[in-house]
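J.: Before I ask anything, let me first share the structure, which is written out below as structure tokens.
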Amino acid sequence: MKFFVDTAEIDAIAELNDLGMVDGVTTNPSLIKKSGRDIIEVTKEICAMVSGPVSAEVTATDAETMIAEGRKLVEIAENIAVKVPLTWDGLKACKTLSDDGHMVNVTLCFSANQALIAAKAGATFISPFIGRLDDINLDGMELIEDIRTIYDNYGFNTEILAASIRTVNHVLDSARIGADVITAPPAVIKSLANHPLTDKGLATFLDDIKAADIKIL
Ligand code: G3P
């Protein structure tokens, strides 16, 4: 399973990238706003650092302007994936940009039928939002499962990019189901390393190191 980092914070991407944890990056208008950076400048920096796909989202809602924005975004670097919302106009933009040979990430997916239609429109990635479904007492993981089944039934190549990941269990469940990619905030990716028994075991080892005055260097 590929790991994308869901942020526009350069330092956080760099830290994970140095550990080989970054297969790609996803951004959206909220994350660009949070970074306080110009979208073109920050996206260019991210693309230079990361070799995998970097999603940059359009701002328009009509297909024609989305296509124009997408064509500008792909000039930033070869690894740009144009992110479009899952609307009828977004699907039109997806089809045109993907026919032009560009990667397209269709975002704000909340149903399996939306995912089906995005695949038919040539999406490279479909981004179902798990956490936001959980927020309204629906089952985000059930959506990932349904999309996996449908894509496998018909051999769609669109990659399932599990998004709006809030917890380590979202990561684990996505991996169990067979999502192709998860995109998660840096803090969630880093917390995958945590386990209380690791902390407890290490504390015991440190006590024994001290008691026995064990030295290596
Ligand atoms: O990848 C989509 C993500 O940024 C949305 O996450 O936590 O705002 O629902 P969240």
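J.: Please enumerate the residues belonging to the range 62-88 that are open to solvent by 30 Å² or more (accessible area, probe 1.4 Å), assigned to a helix (DSSP H, G or I) and within 24 Å of Ile13 (Cα to Cα).
T.: Of everything in the range 62-88, just one residue is open to solvent by 30 Å² or more (accessible area, probe 1.4 Å), assigned to a helix (DSSP H, G or I) and within 24 Å of Ile13 (Cα to Cα), namely Lys72.
J.: List, please: which pairs have Cβ atoms under 6 Å, are six or more places apart or on different chains, and start with a residue in the range 165-182 that is closer than 19 Å to Pro53 by Cα and end with one that is open to solvent by 30 Å² or more (accessible area, probe 1.4 Å) and within 16 Å of the ligand (Cβ to nearest atom)?
T.: Short answer, once both residue conditions are applied: Asp180/Glu159; Val181/Lys2; Val181/Glu159.
J.: Could you list, in sequence order, the residues of the range 136-150 that are in contact with a Phe, Trp or Tyr (Cβ under 9 Å, 6 or more places away or on another chain), surrounded by fewer than 22 Cβ atoms within 10 Å (Cβ to Cβ) and assigned to a helix (DSSP H, G or I)?
T.: Across the range 136-150, the qualifying residue is only Ile150.
J.: When the residues of the range 106-131 are filtered to those that are under 10 Å from Ile160 (Cα atoms) and among the polar types (S, T, N, Q), which remaining residue is least open to solvent (accessible area, probe 1.4 Å)?
T.: Here the residue is Ser127.
J.: Within the group Ile76, Ile40, which residue is out of contact with any helix residue (DSSP H, G or I) (no Cβ under 7 Å at 6 or more places or on another chain) and away from the ligand (no atom under 16 Å from the Cβ)? Walk me through how you get there before you give the answer.
T.: Values: Ile76 fails: out of contact with any helix residue (DSSP H, G or I) (no Cβ under 7 Å at 6 or more places or on another chain).
Testing whether each residue is out of contact with any helix residue (DSSP H, G or I) (no Cβ under 7 Å at 6 or more places or on another chain) and away from the ligand (no atom under 16 Å from the Cβ) leaves just Ile40.
J.: Looking only at the range 52-61, which residues are surrounded by 14 or more Cβ atoms within 10 Å (Cβ to Cβ) and farther than 14 Å from Asp6 by Cα?
T.: Kept after step one, since they are surrounded by 14 or more Cβ atoms within 10 Å (Cβ to Cβ), are these residues of the range 52-61: 52-58, 60.
Scanning the range 52-61 gives Val58, Ala60.
J.: Being open to solvent by less than 80 Å² (accessible area, probe 1.4 Å) and more than 13 Å from the ligand (Cβ to nearest atom) is the filter here, so list the residues in the range 161-170 that pass it. Steps first, answer last, please.
T.: The initial filter retains those residues of the range 161-170 that are open to solvent by less than 80 Å² (accessible area, probe 1.4 Å), namely 161-165, 167-168, 170.
Within the range 161-170, Val168 is the sole residue that qualifies.
The values are calculated or read from the model by the stated rules, or taken from the named source; none is laboratory data. The shown structure was predicted, so the numbers you read here are calculated from the model rather than taken from an experiment. Neighbour counts are summed over all protein chains in view; Cβ atoms, including those assigned to glycine, are modelled from backbone coordinates with ideal geometry. We work out accessible area using only protein heavy atoms, side chains counted, and drop any ligands, DNA or RNA first. Shrake-Rupley method; radii C 1.70, N 1.55, O 1.52, S 1.80 Å.
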